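Working notes for the structure below.
Coordinate-derived values only; no laboratory data. In this text, all values refer to a predicted model and were calculated from it rather than measured experimentally. Positions of Cβ are generated from backbone atoms using ideal geometry, with glycine treated the same way; all protein chains shown enter the neighbour counts.
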Amino acid sequence: MKLPRSYYNLISFIGSAVAGVTIFMIGYLFIVGFFFEKTNSYLGLFTYIILPAFLVFGLLLIPIGMFIDRHRRKKVEKEYLEKNWPILDFNQKKYRNAFTIFGIGTLFFLLLTGLGSYEAFHYTESVEFCGTLCHSVMQPEYVAYQNSPHAKVSCAECHVGSGASWYIRSKLSGLRQVYAVVTNNFSRPIETPLENLRPARETCEQCHWPQKFYSRQLRNEQHFLTDSGNTEWNISLQMKIGPQHSALGLSEGIHWHINPKVKIEYIPEEQKRHKIPWVKYTNLETGEVTTYNDTYEPISEEKLSQESPREMDCMDCHNRPSHHYFTPAEFIDDAMTSGDIPKDLPYIKRVTMEVFAQKFTNTDTAMTTIKNYIEDFYKSDYPELFKERKDDIDKAVKSAQLKFSQNIFPEMGVNWDAYENHIGHKTYNGCFRCHDDNHVSESGKVISKDCNLCHTIVLQGKAGDEQYAPLDSSLEFKHPENIDEMWKEGNCSECHRNMY
């Protein structure tokens, strides 16, 4: 088949070869991805992003080679000197062939481009793309996400949302992140909170409607003490996530903070928002404004004049909705409650807590240490039990190792202490950042620390010997350990954050 003689040059030949091989590879990988469900996480990256880039590069080389060849020839041939544009004479077969190939090739290329662009868009929005391509960097977030309540919600639905503008923003931000990974120039752990995150009202509230929040919810928790019998301690809380009756809307309860009739603003002491010295309340119906200042650590006049207040939204409390790392006390209690760690093994709660008190530099060392520490304890203190219940001890070891792998990532410096969860007030200050009895307005109003604002205790105590609250009343909190009134004087996090 004859083609214009300007096509017959080394550069165009190379471009044709690159394009041909690339088309074959794209087709092959597309078939592999279509028929085989479980494929390597890099398959989509090559099929829809890397190989198409080579295809475009190869196709560009063809006209570039033809242009260079024509430019070279016109220096020596009079025909090219007299005319600036190439002559397309369809009476000549070579030009008809070129046009046919170009026309069919263009249609085919546009078809592949449309399909590839569509697939590339969906692939770059997939959980696989977000969580596994940068494995070492994103492993903690990906693992925590898989064990979260949002495990069936894709990363992009929360981090990007709908619309082209936020998609483009996320991809531009992604280029910076790719560069950081390639140059190994990123912090360990990754810094939070994320800057310029899309407002929660545009993402979270696509599923969680404020108008549909329910009234109240019963929360049952099971804990184990560190004595020889791993004494079970139960507590049940009536969580006031909304008012007593759902018909009252967001008039009271925990979710009152996002009531559309009020506006809560604050200025944090630092970027991580661990301390909040200044809070402003605005009643949007009456126009009433009340400002609260921390009397112990008040905000400076300079900071107050420079900082722009942040309007409170879902993320100010639910800041780790899908990437929460539990403390050892929490995930060991969960494992014992589910039976993954036999709760009748003497001192198993204490032993596992002790091993997690150590600092590990890598996961492999941690796995070995967990196994050896637990086994050595029972070999030394309970040799007969070690022989008789070796299977139960192995079960406890495997569960402890699994919980470690889901919550602690030494290589990235990630654990429960790296990222505070602002829900609650047991391990981190959370609610107590504002509700501490220290935030006072000029008129004397106080942001109360009263526990019953958010929940009431309806049951508490050792298993089989619990206290029950009468209907529509509450029990006063009783600490499982005898610490007198210390729990009233300080924040829970002063002990529980450092409790291994």
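Using the basic label-point model (7 angstrom from Cα toward the beta carbon), what is the LEU10 to LYS303 distance in nanometres?
6.7
Quick one: Debye curve from the alpha-carbon atoms of the stretch 394-477 only, equal weights, vacuum; give me log10 I(q)/I(0) at q = 0.14, 0.19 Å⁻¹ to two decimals.
-0.82, -0.97
When a footprinting reagent is the concern and you count Cβ atoms within 10 Å, what order do THR106, THR231, THR352 take, fewest first?
So the residues, fewest neighbours to most, are THR106, THR231, THR352.
Counting Lys and Arg as +1 and Asp and Glu as -1, each charge on the Cβ, what is the dipole of the stretch 328-412 about the Cα centre in debye, to the nearest 20? Walk me through the numbers on the way to the answer.
Details: 12 positive and 16 negative charges, 13 e Å.
Roughly 60 debye for the stretch 328-412.
Give me, ordered by chain and number, the residues 5 or more places off LYS445 or on other chains with an amide H under 5 Å from its own placed amide H.
The answer is none.
Could you state the number of Å between the C-alpha centres of the stretch 258-320 and the stretch 459-500?
30
Shape call for the stretch 128-197 from the C-alpha gyration tensor, a ≥ b ≥ c root eigenvalues: rounded (a/c under 1.5), prolate (a/b greater than b/c) or oblate? It would help to have the intermediate numbers written out before the result.
Details: a/c = 1.71, a/b = 1.06, b/c = 1.61.
Since a/c reaches 1.5 but b/c is at least a/b, the shape of the stretch 128-197 is classed as oblate.
Note down the Stokes-Einstein diffusion coefficient of the chain in µm²/s, whole number, using a Kirkwood radius over alpha carbon pairs, 10 °C, and 1.306 mPa s. Mind dumping the intermediate values first?
Numbers: Rh = 28.3 Å.
Result for D is 56 µm²/s.
If you stretched the chain out fully between LEU175 and LYS93, how much longer would it get, using 0.36 nm times the residue separation minus the C-alpha to C-alpha distance?
Values: separation 82, 0.36 × 82 = 29.52 nm, distance 4.74 nm.
Taking LEU175 through LYS93 to full extension adds about 24.8 nm, to one decimal.
Report the charge-dipole magnitude of the chain in Debye, nearest 20, computed about the Cα centre from +1 at each Lys and Arg Cβ and -1 at each Asp and Glu Cβ.
Here the chain has a charge dipole of around 3720 debye.
Calculate the dipole size of the stretch 352-500 relative to its Cα centre from +1 charges on Lys and Arg beta carbons and -1 charges on Asp and Glu beta carbons; express the result in debye to the nearest 20.
So the magnitude is around 420 debye.
For a Förster distance of 25 Å, can you work out the FRET efficiency between the beta-carbons of ASP472 and THR231, rounded to the nearest 0.05? Don't skip to the answer; put the middle values down first.
Numbers: r = 30 Å, r/R0 = 1.20.
It comes out at approximately 0.25.
Counting helices only, and only those DSSP H runs with n ≥ 4, report the 222 nm mean residue ellipticity of the chain as the sum of -39,500 (n - 2.57) divided by its residues, in deg cm²/dmol to the nearest 500. Walk me through the numbers before you get to the answer.
Numbers: 16 runs with 204 residues, N = 500.
-13000 deg cm²/dmol, from helical runs alone.
Mind sorting ARG96, ARG216 by how few other Cβ atoms lie within 10 Å of their own Cβ, fewest first? It would help to have the intermediate numbers written out before the result.
Values: ARG96 14, ARG216 18.
Taking fewest neighbouring Cβ atoms as first place, the list is ARG96, ARG216.
Please report the relative contact order for the stretch 404-468, taking Cα pairs under 8 Å with a sequence separation of at least 6, and give it as a percent rounded to a whole number. Could you put the intermediate results ahead of the total?
Working: 46 pairs, mean separation 8.7, N = 65.
Normalised by residue count, the contact order of the stretch 404-468 is 13 percent.
Applying the Karplus parametrisation 6.51 cos²θ - 1.76 cosθ + 1.60 with θ = phi - 60° to the phi angles of the stretch 345-351, what ³J(HN,Hα) value in whole Hz is obtained for each residue in order, glycine and proline being reported as x?
Result, rounded to whole Hz: 6, x, 6, 5, 5, 5, 5.
Once phi is turned into θ = phi - 60°, what whole-Hz ³J(HN,Hα) does the Karplus curve with 6.51, -1.76 and 1.60 give for every residue of the stretch 408-425, x standing for Gly and Pro?
With coefficients 6.51, -1.76 and 1.60, one gets 10, 10, x, 4, 9, x, 9, 7, 4, 7, 6, 10, 6, 9, 7, 6, x, 8 Hz.
Set the Förster radius R0 to 51 Å, insert the Cβ-Cβ distance between GLU205 and ALA53 as r into 1/(1 + (r/R0)^6), and round the FRET efficiency to 0.05. Please report the intermediate quantities before stating the final value.
Values: r = 38 Å, r/R0 = 0.74.
That gives a FRET efficiency of 0.85.
Quick one: Karplus J couplings for the stretch 253-260, per residue in order, coefficients 6.51, -1.76, 1.60, θ = phi - 60°, nearest Hz, x for Gly and Pro?
So the J values, rounded to whole Hz, are x, 4, 7, 4, 4, 10, 4, x.
Scan the chain and hand back the longest stretch that contains none of the GluC sites (Glu not before Pro) lying in DSSP loops with at most 16 other Cβ atoms within 10 Å. Write down the numbers at each step before the final one.
On the way: sites that count: GLU37, GLU77, GLU191, GLU195, GLU252, GLU270, GLU285, GLU288, GLU307, GLU442, GLU466, GLU476, GLU481, GLU485.
Here the longest run is 308-441.
Which is farthest toward the positive dipole end of the chain among LEU10, TRP209, THR132, measuring Cα position about the Cα centre, with Cβ charges +1 (Lys, Arg) and -1 (Asp, Glu)?
LEU10
Before anything else, pin down the relative contact order of the chain: Cα pairs under 8 Å, at least 6 apart, normalised by residue count, whole percent. Display every interim value, and only then the final one.
Numbers: 655 pairs, mean separation 69.3, N = 500.
Relative contact order here is 14 percent.
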